[in-house]
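The next block holds one structure in the form of structure tokens; read it before the comments.
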There are 2 protein chains.
Amino acid sequence: MKMYDYTLAPSPRRVRIFLAEKGIDVDLVQVDIMRNANRTPEFYQKNPLGSLPILELDDGSCLSESVAICRYFEEIQPAPPLFGVGAREKALVEMWNRRIELEIFAPVGHVWSHLSKVAEGRGRRFPEFGEIQKRAALDRIAWLDSELTSREFIAGPNYSIADITILCMLDFARTVDILIQPKQTNLARWYSNASSRPSATA
Amino acid sequence: MKMYDYTLAPSPRRVRIFLAEKGIDVDLVQVDIMRNANRTPEFYQKNPLGSLPILELDDGSCLSESVAICRYFEEIQPAPPLFGVGAREKALVEMWNRRIELEIFAPVGHVWSHLSKVAEGRGRRFPEFGEIQKRAALDRIAWLDSELTSREFIAGPNYSIADITILCMLDFARTVDILIQPKQTNLARWYSNASSRPSATA
């Protein structure tokens, strides 16, 4: 089993942190997506969408989409559970993971695509659209801070994949100058805890 | 238990079809989002994002995000399984569900927001961005057709939540003139089968 990875990209990092929390070791193969090393016929056979990460199983078949890869590992090694335990908690983890992805990570991605220097020349850009997405992301991050007022983790009593998604989103957001604000003390506390876990450096 | 629903919206429909496949009956409460009936303090207490569907449990607590609600029901009533069985199949269902959501449903949503008549006046629009998203959606639908060449369902041996996502996406896409093309015979066959299931009218 091996995973195709790119250290600097946020999606593969989600899986690396997940694996570190589980204590699972997987061989990593670096693919330099900024130099289009993923735009090859061989790579498209592994994932027709050309995106990372990809988990290649021992029979040569491949899984892509970071959360799908995480779910595979949750199934083959349930402990510690990172998708919740029991119907209600599993649903809350799914709900929060999606809220972070769709409401915050996605707009931050648009900011990267439409406003960042590093994404220049990678497609038609709409800077004004990027600015709207930036305001949306900032609003949602303020909401996230308020949600964290009275709890240690976002989705339930334990650290979960939704927390991993927040951590990767916040560190990626920083690269496009979207920062935790001084008055967002709940989020700052959460961030300090999450980024102090050994898994954060994975 | 009751679910807040809006018959014409694609996300609540995903859950209604899922429930119909499971044979589960849940009381539905209509919320007219086109008249902003979801923009009330009472509604924001149920879901701070103001979106549908919402499942209100008997203790008054709420779950939102359609896939999270579906997962709740999968856990309390596993048969028939709609998220797959076993690690590999569960991961494939998750992968396909996400591919359809992120690569096709999301661009179709942008087409609705930026180009459709019905979404006029609901926020700043970038028609040229909408056109790019439309081309992306059309490309991905062509890819989906090719993926369905040799299999009956998208993610594995059985009908799954990923098929439900395709059905709701295609029917929503039709409202913005994104149609199955005559040469896309695999997708047409898949669509004919999926929309003939009794659950499709839910």
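The values are calculated or read from the model by the stated rules, or taken from the named source; none is laboratory data. In this text, all values refer to a predicted model and were calculated from it rather than measured experimentally. Positions of Cβ are generated from backbone atoms using ideal geometry, with glycine treated the same way; all protein chains shown enter the neighbour counts.
A:Ser61 satisfies every condition listed in (1) among the polar types (S, T, N, Q); (2) in contact with a Ser or Thr (Cβ under 9 Å, 6 or more places away or on another chain); (3) outside the structural domain of A:Asp177 (by TED's automatic domain parsing) except (2). Could you list all residues from region B:84-98 that are at the interface with chain A (Cβ under 9 Å from one of its Cβ atoms) and touching a residue at least 24 places away in the same chain (Cβ under 8 Å)? Hits for region B:84-98 are B:Leu92, B:Val93, B:Met95, B:Trp96, B:Asn97.
Of the residues screened, A:Ala91 is one that is in contact with a strand residue (DSSP E or B) (Cβ under 9 Å, 6 or more places away or on another chain) and within 22 Å of B:Gly50 (Cα to Cα).
Residue count for region B:139-179, restricted to those that are more than 23 Å from B:Arg88 (Cα to Cα), within 17 Å of the chain's Cα centre (by Cα) and not in a helix (DSSP H, G or I): 4.
In region B:1-27, which residue that is among the aliphatic types (A, V, I, L, M) and part of a loop (DSSP other than H, G, I, E, B) is surrounded by the most Cβ atoms within 10 Å (Cβ to Cβ)? The extreme case among them is B:Ala9. Taken over region A:28-70, residues that are within 14 Å of chain B (Cβ to nearest Cβ), part of a helix (DSSP H, G or I), free of Cβ contacts under 8 Å to residues at least 60 places away in the same chain and out of contact with any strand residue (DSSP E or B) (no Cβ under 9 Å at 6 or more places or on another chain) amount to 2. The condition of being more than 20 Å from B:Leu170 (Cβ to Cβ), part of a helix (DSSP H, G or I) and of a type in the set (Gly, Ala, Ser) holds for B:Ala91. Could you give me the residue pairs with C-beta distances under 6 Å whose first residue belongs to region A:144-168 and is of a type in the set (D, E, K, R), whose second residue is surrounded by fewer than 19 Cβ atoms within 10 Å (Cβ to Cβ) wherever it lies, and which are 6+ apart or on separate chains? Final answer for the pair search is A:Asp145/A:Gln184; A:Asp145/A:Asn186; A:Asp163/A:Phe153.
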